[in-house]
Every structure is written in C-alpha cells, then in structure tokens.
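Working notes, structure below.
What follows is calculated from the coordinates using simple rules that are stated; it is not laboratory data. Keep in mind that what you see is a predicted model, and the values were worked out from it rather than measured. So basically every Cβ, Gly included, is an ideal-geometry build from the backbone, and we count neighbours across all protein chains shown.
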Amino acid sequence: MSTNRKIRGSGFKHTLPAVWPFFAPWVVMVVLTAPVITGAMVLGGMVPPESRADVWFFLLTRMPLVALAATGLAIFMTARVAGPLVQLRRAFEDVKRGDMNRRLRFRRADKHLRVLEAAFDEMMVALRERADSRRGLETED
C-alpha cells in the first residue's frame, strides 16, 4: 500500500504551502485596506477630531481579528482549491509507480469534479486493458 493513501483526503499539510502564493496577497490586501482607508478618512477631515481616538482604538483592536479571520479563510479556501490538485498529483505518482488499479476519489462536496474523477477512472480501465492485451500478444510470440 502506498504511503500516500494513508493520508485521508488531500492532506492539509500538503495544501498549506499553497496558502502563501495563492491567498497571501488577498489576506494582506484585506488587512491593509481598513487602516489605509481609515487613515485617509482621518487625514481628509472626514472624521471629527473628537472621534479620532475612538476610530483608531476600534481599528487597532479589531484589525487582529480581521487578520485572523482572513488568514483562516485563506487556509480554508486553499485546502478547498489545492486539495483536488494534491489528489491528482498523488494519483499520477501512484500510476507512475505502476499501480494500475488506482482510482481517483474527490470529496463528496466536490461535485463539480465528478467528470474528472470518471474520466481518470475510465483512463485507468483503458490502460489496464491495453497492458493486458500487450501481455497477451507477448505470450503468443
């Protein structure tokens, strides 16, 4: 049994490295947007002087929560997006090692990937049939 199959699903630790290149710019943008807009509003005179301390207090106490929420969302979304790609890579590696009985299974929630799952399984059936027919021809010679 392949060590890849011991990990259930796509393996969170395998999708985590994809967080930075794919979602970090969005997390940074979400976290920086509020202070930039707030600063522009304060400097532009849109916030009365007596409310500035309250605005900055609110911003400084809520931004860590926004950053945490944005990071959590980025990790979750990366796992949702990169998970099927990790599954595909594992399937390809298993086939490369000679596992001709490999099937592809995505999460039940990934209904949009059922066509890909079926196509992969059909491809594996066709490859097994070709390999079996070649073995049959070799034994006849």
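Could you tell me the center-to-center distance, by alpha carbons, between segment 53-86 and segment 100-134 in angstrom?
Using only Cα atoms, the two centres lie 37 Å from each other.
Using all Cα-Cα distances in the chain, what percent lands in each 10 angstrom bin from 0 up to the longest?
Over the chain, the share of Cα pairs per 10 Å bin runs 10, 25, 21, 15, 12, 9, 5, 2, 1, 0 percent.
In segment 69-96, which residues have a backbone nitrogen under 18 Å from the label point lying 7 Å from Ala34's Cα in the Cα-to-Cβ direction?
Counting backbone N atoms under 18 Å from the label point, the list is 69-75.
Over the chain, calculate the relative contact order: mean separation of alpha carbon pairs under 8 Å at least 6 apart, over the residue count, as a percent.
Working: 78 pairs, mean separation 42.0, N = 141.
Computed value for the chain: 30 percent relative contact order.
Starting with the highest mean, order 106-116, 40-50, 84-94 by the number of other Cβ atoms within 10 Å, averaged over the residues of each peptide. Let's see the in-between values first.
Details: 106-116: 12.2, 40-50: 10.4, 84-94: 17.4.
Ranked by mean Cβ neighbours within 10 Å, highest first: 84-94, 106-116, 40-50.
Helix-derived [θ] at 222 nm for the chain: sum -39500 (n - 2.57) over DSSP H runs of at least 4, divide by residue count, nearest 500?
Working: 4 runs with 101 residues, N = 141.
Calculated mean residue ellipticity at 222 nm is -25500 deg cm²/dmol.
Mind checking which of Ala74, Ser51, Val86 is farthest towards the positive end of segment 3-140's charge dipole, using Cβ charges of +1 (Lys, Arg) and -1 (Asp, Glu) about the Cα centre?
Positive-end residue among those listed: Val86.
Picking from Asp99, Asp54, Asp121, which is most flexible by a Gaussian network model of the chain using Cα springs under 10 Å?
Asp54
Determine, for Leu68, Leu73, the number of other Cβ atoms within 10 Å of each Cβ, and report the residues in order from fewest to most. Display every interim value, and only then the final one.
On the way: Leu68 11, Leu73 14.
Least crowded to most crowded, the residues run Leu68, Leu73.
Please report, ordered by residue number, every helix of the chain (full DSSP H runs) that is 30 Å or longer along its axis going by C-alpha atoms and whose mean Kyte-Doolittle hydropathy reaches 1.0.
Long hydrophobic helices here: 19-43.
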